[in-house]
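The values are calculated or read from the model by the stated rules, or taken from the named source; none is laboratory data. Predicted model only: the values in this text are computed from it and were never measured. When we count neighbours, we look across all protein chains shown, and the Cβ atoms used for this are built from the backbone with ideal geometry, even at glycine. Ligands, DNA and RNA are excluded from the accessible area calculation, which covers all protein heavy atoms including side chains. Shrake-Rupley method; radii C 1.70, N 1.55, O 1.52, S 1.80 Å.
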Amino acid sequence: MAKSGTTTQGLRAAIERSGYYPALVAEAVEAAVGGEPVSSYVVHQETTFDSNEVRRHVTVLVLTDNRFIVSHTDEQAADAGSPSPYATTSTESVKLGSISSVVLSRVVANPESYTPGQLPREVVLTIGWGAVSRIDLEPAACGDPNCDSDHGYTGNSTADDLSLRVSEAGDGPETVRQTLLFAQALSEATAATAR
């Protein structure tokens, strides 16, 4: 594990570097972390374009010895319910033993010339702990093309609580690297909890 990305001071500095309401985000994250030491973290700021509006969003993932903490902060434009722009911040604290899956997908350019340690072009980190599941169903069928019986449905249930996409082009190589380190630390922590 790299030394950067593993301390409470480093987490605070990363939140401030994101430039996205750092006092608000840091207060929410620090309250959720409490007095626990930070093992690893990722701060991901994302900007999207919605019609004529620019919307920003920040996700902060924190790993402690006992918990996985996820924080989301979104900004909203003024609307009928609020005459001024506002931000919404939420945090969720998950016991490490509750995490059921840690999936890391890597996208690598020119895989024929890949060398170990080379940074992927992008990574997608998906973490499941049972709060949100996605069910994909389709009609079941048999092999008989003349059969018109109802065979019910078949499908998959997938834990899909959090999915975070980070790219070298959009977020920079350091954010990709930090996401890889975080995914490895989280995988190791959940494996240790399962023993």
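Observations
- Candidate set: region 121-142, residues that are out of contact with any helix residue (DSSP H, G or I) (no Cβ under 8 Å at 6 or more places or on another chain) and β-branched (Val, Ile, Thr); chosen: the one modelled with the highest pLDDT: Val124
- Residue count for region 156-171 under the criterion of being over 13 Å from Glu46 (Cβ atoms) and either surrounded by 12 or more Cβ atoms within 10 Å (Cβ to Cβ) or of a type in the set (Phe, Trp, Tyr) (or both): the result is 6.
- Criterion: modelled with pLDDT of 95 or more, touching an Asp or Glu at 6+ places or on another chain (Cβ under 9 Å) and buried (at least 18 other Cβ atoms within 10 Å of the Cβ) - qualifying residue of Val60, Val70: Val70
- Evaluation of Ala141 against (1) in a loop (DSSP other than H, G, I, E, B); (2) surrounded by 15 or more Cβ atoms within 10 Å (Cβ to Cβ); (3) in contact with a His (Cβ under 8 Å, 6 or more places away or on another chain); (4) of a type outside the set (Ser, Thr, Tyr) (one fails), failing number: (2)
- Selection from region 83-126 of residues that are closer than 25 Å to Pro173 by Cα, open to solvent by 60 Å² or more (accessible area, probe 1.4 Å) and assigned to a strand (DSSP E or B): Val103, Arg106
- A single entry from Glu53, Glu36 fulfils the requirement of being surrounded by 15 or more Cβ atoms within 10 Å (Cβ to Cβ) and charged (D, E, K, R): Glu36.
- Test for Arg12: is it surrounded by 15 or more Cβ atoms within 10 Å (Cβ to Cβ), among the charged types (D, E, K, R) and in a helix (DSSP H, G or I): yes
This table checks each residue for (1) more than 13 Å from Asp161 (Cβ to Cβ); (2) of a type outside the set (Phe, Trp, Tyr); (3) in contact with a Lys or Arg (Cβ under 8 Å, 6 or more places away or on another chain).
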site: Ser84; (1), (2), (3): yes, yes, no
site: Lys95; (1), (2), (3): yes, yes, yes
site: Ser98; (1), (2), (3): no, yes, no
site: Ala109; (1), (2), (3): yes, yes, yes
site: Gly128; (1), (2), (3): no, yes, no
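- Taken together, the residues in region 15-35 that are modelled with pLDDT of 95 or more and assigned to a loop (DSSP other than H, G, I, E, B) amount to 0.
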